[in-house]
Amino acid sequence: MTFEIRFAHLSDWHATSLVGGGAELLQAKRLSGWVSWRFSRRDRHSTDVLEAAIRDVHAQAVDRVLVTGDLTHVSLENEFRAAALQLESLGSPEEVFLIPGNHDCYVPVAPERSWDYWADYLSGTPHDALEPALASCLGREATTPSGSDRKRAPRHEDYPTLRVQGRLAVIGLCSAIPVPLFRARGELGAVQLRRLEALLESLRDRGYARVVMLHHPVVDADEGSRRALVDAAELRSVLERQGADLVLHGHKHRRRVHLLDGPDQKIPIIGVPSSSEVGSREEKRAQYHLYRLRSESSSDGFRLDAEIRGYDPVSKTFIRIDETLF
């Protein structure tokens, strides 16, 4: 039986305002972030461009949307509220799967004032809806405390998350951790990597197409230690042993394409530019990527096709870019 699914990848839209941040902005790292926003970022990231991207995603009639974090600037509570509305305009929690970025963990913030606003978008398929062998790979499930009127989002220790749609399995990793001033690095940690390896193996044995998403780049040849994924080498080792059909990331605000050796075939590792960049530099102008995953039968492998959609400042719409990803 033929299986086909189309999904979009967006990231790093930073389309929130720091106006009205008040005393919360006086924290040293947030104050530095405010300076960056006031004199640079607020002019580079546009809600109009993001809205054009969302309209174009809807026009493409995709089945799912994957978002690799950095919806905020400095993790203010009002930013999480604003981004929650942007997520709602993009699609329902069933359609949109999100993982957090480093700016969404800019400083330590209580979850009920931050990630919990996005709980339904961050959460994976409930454990009781998964095959027991897959659920056992994930560790404990994020649950809502009794008496709470808002769902609990996964914490760093709850990852990976997993969404299953037909033969597509999307694994969400969390590399977002609070780090000191002038740092933007990420870390998965040994527990998350161990769960990931077990999950990739179990999904492969069951014939799923495996898409992994995280915020920080996996291949860090051009990434200084200040902004890198601390355990990128360990993640690459897991991927080299277990394989994956596609790995998606953000963070760089530029398109990045690498092919990593897997056990059976090359693994495409694709970074997408910001979804809201007005084009302060040509290579940073807003884009998102479209993917089509197809298989002719349950015993066949998967064919992956990709399309680049980029912002056109003349028409103020997103159009197809005549370039290839891989």
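The values are calculated or read from the model by the stated rules, or taken from the named source; none is laboratory data. Fair warning: this is a prediction, and the values are worked out from it, not measured in the lab. Here the Cβ positions follow ideal geometry from the backbone for every residue, glycine too, while neighbour counts run over all protein chains shown.
Here Arg206 does not qualify as without any contact (Cβ under 8 Å) to a residue 60 or more places away in the chain and not β-branched (Val, Ile, Thr).
With (1) surrounded by fewer than 21 Cβ atoms within 10 Å (Cβ to Cβ); (2) of a type outside the set (Phe, Trp, Tyr); (3) in a helix (DSSP H, G or I); (4) out of contact with any Ser or Thr (no Cβ under 6 Å at 6 or more places or on another chain) as the list, and Ala82 as the residue in question, which single condition is left unmet? For Ala82, the exception is condition (4). Give segment 33-64 a look and list any residue that's in contact (Cβ under 8 Å) with a residue 60 or more places away in the chain, of a type outside the set (Lys, Arg), part of a helix (DSSP H, G or I) and surrounded by 15 or more Cβ atoms within 10 Å (Cβ to Cβ), or say none. Gly33, Val49, Leu50, Ala52, Ala53, Asp56, Val57 - these are the residues of segment 33-64 that are in contact (Cβ under 8 Å) with a residue 60 or more places away in the chain, of a type outside the set (Lys, Arg), part of a helix (DSSP H, G or I) and surrounded by 15 or more Cβ atoms within 10 Å (Cβ to Cβ).
The strands (runs of 3 or more DSSP E) found wholly in segment 156-227 and carrying at least 3 residues that are modelled with pLDDT of 95 or more and over 25 Å from Arg254 (Cα atoms) occupy 161-165. Being surrounded by 21 or more Cβ atoms within 10 Å (Cβ to Cβ) and either within 17 Å of His216 (Cα to Cα) or of a type in the set (S, T, N, Q) (or both) is the filter here; which residues of segment 155-181 pass it? Of everything in segment 155-181, those that are surrounded by 21 or more Cβ atoms within 10 Å (Cβ to Cβ) and either within 17 Å of His216 (Cα to Cα) or of a type in the set (S, T, N, Q) (or both) turn out to be Tyr159, Pro160, Thr161, Val170, Ile171, Gly172, Leu173, Cys174, Ser175, Ala176. Could you please give the count of residues in segment 294-317 that are in contact (Cβ under 8 Å) with a residue 60 or more places away in the chain, farther than 16 Å from Arg254 by Cβ and under 18 Å from the mean Cα position of the chain (by Cα)? Qualifying residue count, segment 294-317: 0. If you take the residues in segment 87-119 that are surrounded by fewer than 19 Cβ atoms within 10 Å (Cβ to Cβ), touching a helix residue (DSSP H, G or I) at 6+ places or on another chain (Cβ under 6 Å) and not small (Gly, Ala, Ser), which one is nearest to Phe7 (Cα to Cα)? The qualifying residue nearest to Phe7 (Cα to Cα) is Pro93.
Which residues, counting only those in segment 1-18, are assigned to a loop (DSSP other than H, G, I, E, B), of a type in the set (A, V, I, L, M, F, W, C) and modelled with pLDDT under 95?
Answer for segment 1-18, where residues must be assigned to a loop (DSSP other than H, G, I, E, B), of a type in the set (A, V, I, L, M, F, W, C) and modelled with pLDDT under 95: just Met1.
Summed over segment 281-326, residues that are polar (S, T, N, Q), buried (at least 17 other Cβ atoms within 10 Å of the Cβ) and within 19 Å of Gln165 (Cα to Cα) total 1.
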